[in-house]
Amino acid sequence: MSERILVVEDEKKLADILAKYLEQSNYSVKVVYDGGEAISAFEAFQPNVVLLDLMLPNVDGITICKHIRQRSTVPIVMTTAKVEEVDRLLGLELGADDYVCKPYSPREVVARVKAILRRVSFMQTPVEIQQNEGLAIDETTLFATFQSNKVSLTAVEFQLLQKLYMHPGRIYNRDQLMDSIYEDDRIVSDRTIDSHIKKVRKKLATIAPELEFIHSIYGVGYKFEHV
């Protein structure tokens, strides 16, 4: 059964071209041109990836992203014609896994989708990482657990935490962390990684509010310490 891709894009010509490229890569595609229809389409279609435009009629991409993220960890790729860094980070802060700036090549978007699905597939292999004391992370569910409390992470958040978690005490710079998340050698601002780290820390604080697992090393990067 082919993976399902939900495209939420009000530029009909662009959406239809993108859908055609995705279908040629053997994905099942549903296109929604109106933000007001996105949530019902998401719930009915149950996609494996959502390609979500930021600017949409009736309901904007920010609202849709928030709604989806409250209910699901499905990968979300934001698309936007606004190239300012604040817009990119805004999408990431909302829980999006990636972003693409317009104008973009449909082939580039298909490559991003394939990379995300490979990453999700790898993380769904039956491998579980456990820690008898302290924080535990589970690849099969994308949960981080501390004592009896657990929190759900997005695919990118989990992959970033896992990179640090597997080598406690080791300091990773931002380039190393970016390389572990993005496979296409894109140029990404350091603030993108900082944004991801901020989200992971915030989520970990909900299950262990008095503890700090991820430490900033000034001028260098980040490291993880088991508690």
Alpha-carbon spread of segment 1-86, three principal axes, descending order, Å: 36, 28, 23
Once R0 is set to 30 Å, what does the formula 1/(1 + (r/R0)^6) return for the Cβ-Cβ distance between residue 215 and residue 148, expressed as a FRET efficiency to the nearest 0.05? 0.75
7 Å from Cα along Cα→Cβ at both residue 111 and residue 191: what's the point-to-point distance in nm? 2.6 nm
For residue 215 the rounded accessible area (nearest 10 Å², probe 1.4 Å, non-protein molecules ignored) is 50 Å²
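Can you figure out the FRET efficiency of residue 171 with residue 141, using R₀ = 30 Å and their beta-carbon distance, to the nearest 0.05?
Efficiency, from the Cβ-Cβ distance: 0.60.
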Starting from the Cα-Cα distance between residue 206 and residue 82, subtract it from 0.36 nm times their residue separation and give me the gain in nm to one decimal. 41.4 nm
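The values are calculated or read from the model by the stated rules, or taken from the named source; none is laboratory data. Only a predicted model underlies this, so the values are computations on that prediction, with no experimental measurement involved. In this analysis, Cβ positions are derived from the backbone assuming ideal geometry, glycine residues included, and neighbour counts consider all displayed protein chains. With ligands, DNA and RNA removed, areas are computed over all heavy atoms of the protein, side chains included. Shrake-Rupley method; radii C 1.70, N 1.55, O 1.52, S 1.80 Å.
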